[in-house]
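The values are calculated or read from the model by the stated rules, or taken from the named source; none is laboratory data. Every value quoted in this text rests on a predicted model; they were computed, and no experiment measured them. Because the Cβ atoms are built from the backbone with ideal geometry, glycine has one as well, and the counts that use them run over all protein chains shown.
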Amino acid sequence: MGLSYAREKLKGTSKTTGDFNLSNRFSLEIDGVMVAGVHSIEGIETETDIVEYKDGEDGVNRTRPGNHKPGKMVITKDWSNTLEWHNWRKKVLEGKTDRRSISIIFHNDAGEEVGRMNFYNAWPTKHVLPSFNAKNSAHASEQLHISWETHEIKL
């Protein structure tokens, strides 16, 4: 029983087409510009309020979807000699919300694009500057907390 046979059998039972994406093969674009030095993108989530109601006097609390909350994510990258994230956040602090599009691009082993997640109307809610520690030899890193309104997944 070879690997190709096992892969074909898995496809047949799980209806999976293609290979699974590795979490370490990705890149990030903001408004079509590649962002270098990204370590991680975490906390990608969406949420909807739960509205409780009663239907007549049957004594059962029922639920339905309420308002959709904006999506969130946290991007961590090497801190470098650029003020791009600082300036984007500064605009928000000045009351000039600058909404942008963000794409997380998935790559296969050969480095080719195999899919992407696109997030629209995104803006920074928080900018965490690096911590400094003389006993640590790691790169300084910064975080940008992002709020976004809509998204799509293209595979």
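TYR53 falls short on exactly one of the conditions (1) of a type in the set (Ser, Thr, Tyr); (2) surrounded by 13 or more Cβ atoms within 10 Å (Cβ to Cβ); (3) part of a strand (DSSP E or B); (4) more than 18 Å from the chain's Cα centre (by Cα), and that condition is (2).
How many of the residues in the stretch 97-155 are charged (D, E, K, R) and either touching a Ser or Thr at 6+ places or on another chain (Cβ under 8 Å) or in a strand (DSSP E or B) (or both)? So the count comes out to 7.
Within the stretch 47-72, the residues that satisfy the criterion of being in contact with a Phe, Trp or Tyr (Cβ under 7 Å, 6 or more places away or on another chain) and either closer than 24 Å to ARG89 by Cα or among the polar types (S, T, N, Q) (or both) are PRO70, GLY71.
Confirm whether GLY37 is under 25 Å from SER147 (Cα atoms) and either touching a helix residue (DSSP H, G or I) at 6+ places or on another chain (Cβ under 7 Å) or modelled with pLDDT under 95 (or both). Judged against the criteria, GLY37 is a match.
Residues in the stretch 142-155 that are out of contact with any His (no Cβ under 6 Å at 6 or more places or on another chain) and surrounded by 15 or more Cβ atoms within 10 Å (Cβ to Cβ) were compared, and the one that is nearest to MET117 (Cα to Cα) is HIS151.
Of all residue pairs spaced 6 or more apart or on separate chains, those with beta-carbon atoms under 6 Å, a first member in the stretch 137-155 that is more than 14 Å from ARG99 (Cβ to Cβ) and a second member that is acidic (Asp, Glu) are HIS139/ASP78; SER141/ASP78. Cβ-Cβ distance below 6 Å, separation of 6 or more or different chains: which pairs start in the stretch 68-89 with a residue that is without any contact (Cβ under 8 Å) to a residue 60 or more places away in the chain and part of a strand (DSSP E or B) and end on one that is surrounded by 14 or more Cβ atoms within 10 Å (Cβ to Cβ) and of a type in the set (Gly, Ala, Ser)? Sorted first by the residue in the stretch 68-89, then by its partner, the list stays empty.
One residue is enough: does the stretch 85-92 have a residue meeting the conditions aromatic (Phe, Trp, Tyr) and exposed (fewer than 11 other Cβ atoms within 10 Å of the Cβ)? Explain how you work it out, then say what you get.
Taking the stretch 85-92 as the starting set, the residues that turn out to be aromatic (Phe, Trp, Tyr) are 85, 88.
Remaining after also requiring exposed (fewer than 11 other Cβ atoms within 10 Å of the Cβ): none.
No, the stretch 85-92 contains no residue that is aromatic (Phe, Trp, Tyr) and exposed (fewer than 11 other Cβ atoms within 10 Å of the Cβ).
Counting the residues of the stretch 49-67 that are closer than 21 Å to THR150 by Cα and either touching a residue at least 40 places away in the same chain (Cβ under 8 Å) or aliphatic (A, V, I, L, M) (or both) gives 1.
Is the stretch 43-66 home to any residue that is at pLDDT 95 or above and closer than 16 Å to GLN143 by Cβ? Yes, the stretch 43-66 contains at least one residue that is at pLDDT 95 or above and closer than 16 Å to GLN143 by Cβ.
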